[in-house]
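In what follows, a structure is listed as structure tokens, so that the remarks can point back to it.
Read-outs throughout are calculated quantities, based only on the coordinates presented, and are distinct from any laboratory measurement. From a predicted model like this one, the values you see are computed outputs, not experimental measurements. Reconstructed Cβ throughout: ideal geometry from the backbone, glycine too, with neighbour counts over all protein chains shown.
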Amino acid sequence: MKSNRQSGVSRRTYLKLAGASSVAGLTVTAGCTVDTGGDGENGGGSDGGDDGSGNDTGTDGGDGGNTEIVPGTAPGFPPFEFKDEQGELVGFDIDLLEAVVEETDYTLADWEEFEFDSLIPALQNDRIDVIAAAMTITEDRQETIAFSDPYYNADQSILVAGGSDFDPQSLDDLAGQTVGAQEGTTGAGVVESELVEPGDVDQSNFRTYGNYVLAVQDLENGNVDALVIDQPVAQTFADQRDVEIAFVYETGERYGFGLRQNESDVQSALNEGLQAVRDSGQYEEIRNEWFGGSGGETSGNESSGNESGNSSNSSAVGE
């Protein structure tokens, strides 16, 4: 499936003309994704990346092979990836990967959408070639996939309902409460390791969701007492919905683009493209558009640790 990127208007230009404030209208439909086949093994989507010849659309590097990259993401995680009021896939990750690929010899195919926990299986099964979904670089993940250099730093935040009498200031204050997180994320990992395993929160009081749009709706409706969620996403919901950030739990996470381990050509190209985007000022422009210029930027000389064996501070499996 070929990209429609050559339409003459980039997503960044479109958003500047139409305005990026549509995140205020996020509803349950913002988290809708294509059918994942029910078992999470083959992910969502389209025709599985068949190029019409019976071959997968996996990349072969820049040596005359297939140079089209199929990107995958998981909407419902604003401002990184979500559907706007017109149903357009938008966000920081979308704009950043498109800008990075423009600096390489590769081209970008149409975006494929999945539930978050189906992204790695989709990558491994050659349905997509790169994951752009605010995915944290972790030791567990590096056992099965590779990552680009990190492009964003984040911690976890605890969200509570707006105007609630419940005002936790530490994880200890969540003991005995009903706590939620998106399935497969580092937020869910924090709940499991820091609250459920020590016995502070009963397993039956740990709610998991397919995406945080659904989770925030439950929080607003009083069905859950608190959510554990990546800090920049928590801030977006706090700005646009009837929820508040109670406190930030420092985890020192770093986001990277997920890749297959045997495709060093793609990894090198994306790393070089990411550095070029930083050097040109495009990274700052995109960050300013989605975050108002605050927080999250990593330095240009950081490594994902894929070759050295190092990783981020977070070892939990999650977003």
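Does region 102-218 come out rounded, prolate or oblate, given a ≥ b ≥ c as the square roots of the eigenvalues of its C-alpha gyration tensor, rounded meaning a/c under 1.5 and, failing that, prolate meaning a/b above b/c?
Working: a/c = 2.30, a/b = 2.09, b/c = 1.10.
Since a/c reaches 1.5 and a/b is larger than b/c, the shape of region 102-218 is classed as prolate.
Close amide H contacts of residue 184 (hydrogens built in the peptide plane, cut-off under 5 Å, sequence separation of 5 or more or a different chain): none are found.
Can you sort 229, 137, 245 from fewest to most other Cβ atoms within 10 Å of each residue's own Cβ? Each step should come with its number before you reach the end.
Values: 229 31, 137 27, 245 15.
Ranked by crowding around the Cβ, least crowded first: 245, 137, 229.
Look at the Cα gyration tensor of region 154-252: its axes a ≥ b ≥ c give a/c under 1.5, and that counts as rounded.
By count of other Cβ within 10 Å, fewest leading, how are 158, 128 ordered? Don't skip to the answer; put the middle values down first.
Values: 158 26, 128 31.
Sorted ascending by nearby Cβ count, the order is 158, 128.
Under 5 Å between amide hydrogens, built in the peptide plane, is the criterion, and for residue 260 it picks out 146 among residues at least 5 positions away or on other chains.
As an exercise, use a Förster radius of 25 Å and the Cβ-Cβ distance of residue 261 and residue 208 to find the FRET efficiency, rounded to the nearest 0.05. Each step should come with its number before you reach the end.
Numbers: r = 28 Å, r/R0 = 1.11.
After rounding to 0.05, the efficiency reads 0.35.
Taking other C-beta atoms within 10 angstrom as a stand-in for reagent exposure, 98, 113, 220 fall in the order 220, 98, 113, fewest first.
Extension gain, residue 193-residue 279: 0.36 nm per intervening residue step, less the Cα-Cα distance, totals 27.1 nm.
For residue 108, the residues whose modelled amide H falls within less than 5 Å of its own, excluding neighbours fewer than 5 places apart on the same chain, are 69.
Quote to one decimal, in nm, the extra length available between residue 166 and residue 248 on full extension: 0.36 nm per residue of separation minus the C-alpha distance between them.
28.0 nm
Each residue of region 252-265 was assigned a 3J(HN,Hα) from its phi angle through the Karplus curve 6.51 cos²θ - 1.76 cosθ + 1.60 (θ = phi - 60°); the sequence is x, 7, 9, 8, x, 7, x, 9, 6, 5, 9, 10, 5, 5 Hz, with glycine and proline shown as x.
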